[in-house]
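Everything on this sheet refers to the single structure shown next.
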2 protein chains.
Amino acid sequence: MDETADSGFNDRFLRACRREPVDRTPVWFMRQSGRYLPEYRQLRQDRDILEMCRTPEIAVEATLLPLRRMEVDAAILFSDIMVPLAAAGLDVEIRPSVGPVIGQPIRSASEVRRLRSRTADLDVSPVLDAIGLLRKELSVPLIGFAGAPFTLASYLIEGGPSRNFERTKAFMHGEPATWDDLMGTLGDLVSYYLQAQIEAGVQAVQVFDSWVGALDPDDYIRFVLPTTRDIFDGLAWLGVPRIHFGVGTGELLPLMREAGADVVGVDWRVPLHEAWERIGFDVAIQGNLDPAVCLAPWDAVEAKALVVLRRAAGRAGHVFNLGHGVLPGTPLENLQRLVELVHERTLRGSAAPTDGRL
Amino acid sequence: MDETADSGFNDRFLRACRREPVDRTPVWFMRQSGRYLPEYRQLRQDRDILEMCRTPEIAVEATLLPLRRMEVDAAILFSDIMVPLAAAGLDVEIRPSVGPVIGQPIRSASEVRRLRSRTADLDVSPVLDAIGLLRKELSVPLIGFAGAPFTLASYLIEGGPSRNFERTKAFMHGEPATWDDLMGTLGDLVSYYLQAQIEAGVQAVQVFDSWVGALDPDDYIRFVLPTTRDIFDGLAWLGVPRIHFGVGTGELLPLMREAGADVVGVDWRVPLHEAWERIGFDVAIQGNLDPAVCLAPWDAVEAKALVVLRRAAGRAGHVFNLGHGVLPGTPLENLQRLVELVHERTLRGSAAPTDGRL
């Protein structure tokens, strides 16, 4: 990174990812450009999400919206984890209040082979163009992202969102060699896509393995960890912070550490200091306020946020975030006050909030 | 319990709940009467679930169906966690492929008071009649059950199934006194309902706090644990095993132990021996095969089941079960073979399966 504080560039987020000293704990929110934000609803209207992602000017505008309302320390590219699959020609649709729906689910070796051939020549230039435009506008780091192979595979196999992931699990256990091919194919896709984003200018990348917490540790080790490790290993030489996130991953945290990211994102189910211990204090951590709590009155949000900060205990390498994406019903004011609270209470030199029980 | 083995009554399940020696590890399945079973689909047809629960002959028949197919060591009363709320006159409907839907969600102090007055005179006689009829038929123990206050409250507040429980959490944090009233009301309802089931003849009870794993440990302690402990404490003198179950509860297991059940049910995310350590080996454990794995070919099911048995390591107090209810797409044959496998491999005097890694 060649940005310095005196250039007006706020590098607090990147420094925390590298576990370097920071003047304040950095904060951003997963899905900070989302339906909770009136300007986002205005921009969105009846537009198709994938079409928005494919239109650089709109993706840029959506990325910038939350930054005009709150002093978050990072921007995250407005996009969707299905974008590279749609770019590979798959029949993908993001249905409002449903989520990604796949026209022809992938459930056989021949369908995996076809996916492999389709992903070989991927055109994600609208995404890369948006990144280029954003870098000219931003004075905070830009985060790029991709869905992780397991989470992408779950949509491809189930055909859409799933509660129990039964087809996915039956597939991995029933046809392990085909599963490995699928993970390899998606792993290559994710690696290529993230590298392209980094070369286009993103200053950090996050891999969303949102649903991997549905697996037990044995299955994670056998069916997910090798591909995930390959992705993070393959990006190491590019020198940008790599974040690894999932929901409900309490039992998987030591394994996610093994996958090799610089920062591990955790939801709210594990107290931050316990999660950090499982990950190892030599890796940075991102989280972990319950997004549902942000719908409560401010006093409750404040109390829970202060607990997170107490548990972080001023250690190097904490990026404040929610434990999952911002929910549509969240009052904007709660997030605005949250950004201020985190910045105020972690101002270097102020009394560390250490009183009270963890 | 006055049943003895030589009366033809199989008390293996009750003995395991009390951590007494057993000739084989007992096994039953949550939702063992469900759509995976052809006879159940036949019985169900277009019938309304709540209507089935209110008709003793049908509830009895549904309870017995799986026992004609597999030598499970317990029967669980065919019912639904919404039954006592429907009996209290609430507008509840179980919509196919959706779940419970509440006509008028409960979101204010006055609505909680109205719920209190409604639940004061509860008529659950059809359920109690079904229990009486079943006890004449069964040669295995009959399990009664209720939804736990948190899980019931989540349906009442959200108005139906929820992914993020944001209204529930906003309510508990925003109006803690009203929340406490709601939990007290539901706690009294659950206590009354379970005691009535026990008096009618059920030989064990399970409290389903299915969705409580959505809470962090702090919220569990403040908003859930006191009521749950009251329920289990209040049932202790009745002398039947009390089972406490939830999904995604890895971080809550030590607190669930504090709630005081005799048996804690665990999903598949935590390896059985680790879960047991968190609960304490002086409490029995129920679980923990991933129900989604049961949709895979038998070899995979067998391998995973043997891992569960290895981790149980022949300790007193293991009830084999899935980590959640049987999924509709499960091949019946897999469950039949699973029952045989558990019984065969845990036959007292046979070599304990201790080889291989845990």
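The values are calculated or read from the model by the stated rules, or taken from the named source; none is laboratory data. Values in this document were obtained by computation on a predicted structure and should not be read as measured data. With ideal geometry, Cβ positions are generated from the backbone for all residues, glycine too; neighbour counts draw on all protein chains shown. Areas reflect the complete protein model, heavy atoms only, side chains present, ligands, DNA and RNA absent. Shrake-Rupley method; radii C 1.70, N 1.55, O 1.52, S 1.80 Å.
A compact table of results
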item: Search result, residues across segment B:186-215 that are assigned to a helix (DSSP H, G or I) and within 14 Å of chain A (Cβ to nearest Cβ); result: B:VAL212, B:GLY213, B:ALA214
item: Wholly within segment A:46-155, helices (runs of 4 or more DSSP H) carrying at least 1 residues that are polar (S, T, N, Q) and touching a strand residue (DSSP E or B) at 6+ places or on another chain (Cβ under 8 Å); result: A:56-64
item: Residues (under 18 Å from A:LEU332 (Cα atoms) and β-branched (Val, Ile, Thr)) located in segment A:61-93; result: A:THR63, A:VAL72, A:ILE76
item: Meets criteria (within 11 Å of another protein chain (Cβ to nearest Cβ) and touching a strand residue (DSSP E or B) at 6+ places or on another chain (Cβ under 6 Å)) for B:LEU272; result: yes
item: Breaking point among (1) open to solvent by less than 10 Å² (accessible area, probe 1.4 Å); (2) touching a Cys at 6+ places or on another chain (Cβ under 7 Å), for B:ASP262; result: (1)
item: Selection count, segment B:58-115, where residues are open to solvent by less than 40 Å² (accessible area, probe 1.4 Å) and of a type in the set (Ser, Thr, Tyr); result: 3
item: Residue within segment A:280-291 that is farther than 23 Å from A:THR227 by Cβ and acidic (Asp, Glu) present; result: yes
item: Residue in segment A:141-170 that is nearest to A:PRO84 (Cα to Cα), counting only those that are within 14 Å of another protein chain (Cβ to nearest Cβ) and among the aromatic types (Phe, Trp, Tyr); result: A:PHE150
item: Matching option when the condition is open to solvent by 30 Å² or more (accessible area, probe 1.4 Å), assigned to a helix (DSSP H, G or I), within 14 Å of another protein chain (Cβ to nearest Cβ) and more than 20 Å from B:VAL124 (Cβ to Cβ), among B:ASP181, B:ASP233, B:ASP218; result: B:ASP218
item: Any chance A:PHE223 is within 14 Å of chain B (Cβ to nearest Cβ), among the aromatic types (Phe, Trp, Tyr) and in contact with a Ser or Thr (Cβ under 7 Å, 6 or more places away or on another chain); result: no
item: Condition broken by B:VAL124, with the remaining ones in (1) hydrophobic (A, V, I, L, M, F, W, C); (2) surrounded by fewer than 18 Cβ atoms within 10 Å (Cβ to Cβ); (3) under 22 Å from the mean Cα position of the chain (by Cα) satisfied; result: (2)
item: Hits in segment B:142-176 - residues which are of a type in the set (A, V, I, L, M, F, W, C) and free of Cβ contacts under 8 Å to residues at least 60 places away in the same chain; result: B:ALA153, B:ILE157, B:PHE165, B:ALA170, B:MET172
item: Selected residue (only one of B:LEU115, B:LEU77 is in contact (Cβ under 8 Å) with a residue 60 or more places away in the chain and within 30 Å of A:CYS294 (Cβ to Cβ)); result: B:LEU115
item: Segment B:289-303, residues that are open to solvent by 10 Å² or more (accessible area, probe 1.4 Å), more than 8 Å from chain A (Cβ to nearest Cβ) and not aliphatic (A, V, I, L, M); result: B:TRP298, B:ASP299, B:GLU302
item: Where a residue in segment A:34-46 is closer than 18 Å to A:PRO331 by Cα and its partner, wherever it lies, is among the aromatic types (Phe, Trp, Tyr) and outside any loop (DSSP other than H, G, I, E, B), with Cβ under 7 Å and at least six apart; result: A:GLY34/A:TYR40
item: Contacts under 6 angstrom Cβ, first residue in segment A:316-332 being within 14 Å of chain B (Cβ to nearest Cβ), partner of a type in the set (Phe, Trp, Tyr) and open to solvent by 20 Å² or more (accessible area, probe 1.4 Å), 6 or more apart; result: A:GLY323/A:TRP268
item: Options B:ASP123, B:ASP91, B:ASP129; residue that is of a type in the set (Asp, Glu) and touching a residue at least 60 places away in the same chain (Cβ under 8 Å); result: B:ASP129
item: Exclusive hit being part of a loop (DSSP other than H, G, I, E, B) and among the aromatic types (Phe, Trp, Tyr), set A:PHE13, A:PHE9; result: A:PHE9
item: All positions within segment B:275-288 that are more than 10 Å from chain A (Cβ to nearest Cβ) and not acidic (Asp, Glu); result: B:TRP276, B:ARG278, B:ILE279, B:GLY280, B:PHE281, B:VAL283, B:ALA284, B:ILE285, B:GLN286, B:GLY287
item: So B:ARG310, is it surrounded by fewer than 22 Cβ atoms within 10 Å (Cβ to Cβ) and away from chain A (no Cβ under 14 Å); result: no
